[in-house]
Structure formats: structure tokens, C-alpha cells
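Reviewing the structure listed below.
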């Protein structure tokens, strides 16, 4: 296995461990093993050479590069870690990793499509949604202050992207967190201009 080369402050496995904890919290301690494994390795390509770099890309290219990153993480997981898991589990794990930036597939009415896992107990598209939420929450929990060093404009765009597709109850938790003053101001401005949060 190649030597991991990630930044100690924002490396993929540290990020993954936090995401794994959060998916379990979101599922009240009942998250299935496939989701825990996908959470741990969903960003794994970032710790290997030739990773997809989104740091300086144009806003219009950001989503495309995020999807390339997801597929590269799938390939990296298969190459270096898949042998540790049952073949049927690997199929479900890689599906979840591939969807961690966009969540589960939805029908024309915006409802999640049912796609069973290997056990028949879980809807993989629902698990993909939970992984998406947990990945975004991880950014706000352990990475936002480090990311702020890239400048206020990049931070603002990242926060807007990270708040997209989150349920209101989760966004509200984020808005109630306390960060450094500069970060608090950006989040407050986004809250006022883009979201209406219930006071109940």
C-alpha cells in the first residue's frame, strides 16, 4: 500500500473517522457496516498522489471535479482496501462512496428511489443521503477554520456549497455553532440572505 501523504490537519482518514462518527450519530448508533466503511474511506483519494485538486478551480468546474474525486476515491478504495471486505459489501460500499458528494438518486418528485443493499435491510439511496449530510457536517466540525486560510471568498463559496441539500434541522445546528468572528460573520450573512430558519 502506498504511503499516505495527506495534510495532518485535513487528511482523508482523519476526516473519514469524523464522518464515520457522525453517520452513527445521525442513525442513533444503528448505522450499518457498509455506511461506516464508506464514511471512513469516502475521501481516500486525497491521501494518494495524483489526487483531484479543487483548491483553485473555477466555480463552474467545482461540481465536475468533485464527481471525479468521488470516482477516484472508489478506485483507490478498490485498489488498496477492498480485499478486507466481502465482495457484496464492496459493491454497496463503492456505491455509497460514489454518491457522497450528491446523495441518493431521486425520482421526478424528489423522492428517494428504493435501492436495496445486499442484506435487503437498507435503502442505499437513503444511506447515501446520510453520508452526504455527515460529510458536510464534518467540514463544519473539524475543517472550517483551516479552510478559512484560503480567503473569505473561497470560504463563503465552500460554506454555501456545504449547506446545500441539508435538512433544515441540520442547517439550524450549523447556524447555532460558534466559530472565529470572521467565520461567524460569513455564516450569518449566508443565513440572512439565503435561508429562512424557523424560530421554533
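Couple of notes before you dig in:
- Of all the residues in region 142-180, those that are in contact (Cβ under 8 Å) with a residue 40 or more places away in the chain, under 20 Å from residue 103 (Cα atoms) and assigned to a helix (DSSP H, G or I) number 2.
- Flag for residue 129 being farther than 30 Å from residue 86 by Cβ and touching a residue at least 24 places away in the same chain (Cβ under 8 Å): no
- Residue match in region 175-185 (condition: in contact with a helix residue (DSSP H, G or I) (Cβ under 9 Å, 6 or more places away or on another chain), surrounded by fewer than 13 Cβ atoms within 10 Å (Cβ to Cβ) and under 30 Å from residue 36 (Cα atoms)): yes
- Picking from residues in region 119-155 that are out of contact with any helix residue (DSSP H, G or I) (no Cβ under 9 Å at 6 or more places or on another chain) and within 16 Å of residue 18 (Cα to Cα), the one that is surrounded by the most Cβ atoms within 10 Å (Cβ to Cβ) is 132.
- Qualifying residue in region 104-118 (condition: free of Cβ contacts under 8 Å to residues at least 40 places away in the same chain, buried (at least 19 other Cβ atoms within 10 Å of the Cβ), in contact with a helix residue (DSSP H, G or I) (Cβ under 6 Å, 6 or more places away or on another chain) and within 21 Å of residue 16 (Cβ to Cβ)): yes
- Residue 71 falls short on exactly one of the conditions (1) within 27 Å of residue 175 (Cα to Cα); (2) within 14 Å of the chain's Cα centre (by Cα), and that condition is (1).
Coordinate-derived values only; no laboratory data. As the structure is a computational prediction, the values presented were derived from the model and not from experiment. Neighbour counts run over all protein chains shown; Cβ positions are idealised from the backbone, glycine included.
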